[in-house]
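Coordinate-derived values only; no laboratory data. Being a predicted model, the structure only gives us computed values, none of them experimental. Every residue, glycine among them, receives a Cβ derived from its backbone with ideal geometry; neighbour counts consider all protein chains shown.
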């Protein structure tokens, strides 16, 4: 099995110091770009998903549209910046978005799909944990209830897409949902209502059963029979094809199963995260940044996806934390993070909103993009840097 080059046990102190300086420079870059981005997003709330030229503000989707799953990557970056710099500017700008988040969770909740977890874990939940203000708890719980309403009790899955009052895409779950489950786990603790925890566990169990193939590759999506709840088969909207192996999807699964283990203590989730992590690592070459689909045909452009590595690095860090420094994943992380912080992937130009170059978005359908800046790539890079430099708490 191929392995990632690991940090040498004999690495001298000057080498460690040099890499730490690079990490700090990259973190400071994230803070500087967030200073501009969070104000402009608060001025005109929108989706701000991805952009080939780094101009996130030109992404043509409104904040309240059902497709919005990305606005909170900017609030997440702002709250990390506030916590680590203690500059109240970041909190003030983030709080300007509170009315929009409240309206989306309490009035326009039908226009919100399963990514309520991405949206509200990095906004209301994070704000509640940091400020203890009850209004953020209230909005976070409203979002958790909206997410719970998407749970299909026959099939034991959370419906990914479509309005709740329609039948559009009502029989499908996707691998990304593993990252939405922390909102439900948090709500269960806050309310002592176990329905949230049970829905999260059932979704995680269904993902274990249906999404992970025998060789530890993963489907992007899976469909179910609505009458019986029985699994129908895999589907795809983000990888190259149904039977291929979308790299970022594996990143979502690694991190998501690690978090389910963190919240439940059930070792089957730890085992799944570990197996998927080993699979991911085994498929990397010396470039370290993966091709966007591990099973991409050889005659297709072998584009790398920096955002997939950023997500996976955070998942590996979570696994290493859960296993302590003896974790088999501990020494895999630093070389990956160094690669993301190289000039090839990091853009230090202050005029560009984006941080991390060369993210790949989707396959060939609407919303797809090649060699783009991505809001999630920027966020998970900053989270990884915060973990490395400050042992920062995640939400």
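Descriptive notes on the structure:
- Qualifying residue in segment 115-128 (condition: free of Cβ contacts under 8 Å to residues at least 40 places away in the same chain and assigned to a helix (DSSP H, G or I)): yes
- Residue count for segment 259-282, restricted to those that are in contact with a helix residue (DSSP H, G or I) (Cβ under 8 Å, 6 or more places away or on another chain) and outside any helix (DSSP H, G or I): 1
- Residue match in segment 354-375 (condition: in a helix (DSSP H, G or I) and either in contact (Cβ under 8 Å) with a residue 60 or more places away in the chain or over 14 Å from residue 248 (Cβ atoms) (or both)): yes
- Cross-chain or 6+ apart pairs with Cβ under 6 Å, segment 203-226 first and more than 13 Å from residue 172 (Cβ to Cβ), then surrounded by fewer than 20 Cβ atoms within 10 Å (Cβ to Cβ): 216/275
- Qualifying residue in segment 314-336 (condition: surrounded by 22 or more Cβ atoms within 10 Å (Cβ to Cβ) and touching a strand residue (DSSP E or B) at 6+ places or on another chain (Cβ under 9 Å)): no
- In the set 51, 126, 78, 60, only one residue is within 20 Å of residue 31 (Cα to Cα) and surrounded by fewer than 23 Cβ atoms within 10 Å (Cβ to Cβ); that residue is 51.
- Qualifying positions in segment 50-67 - over 15 Å from residue 37 (Cα atoms) and not in a loop (DSSP other than H, G, I, E, B): 62
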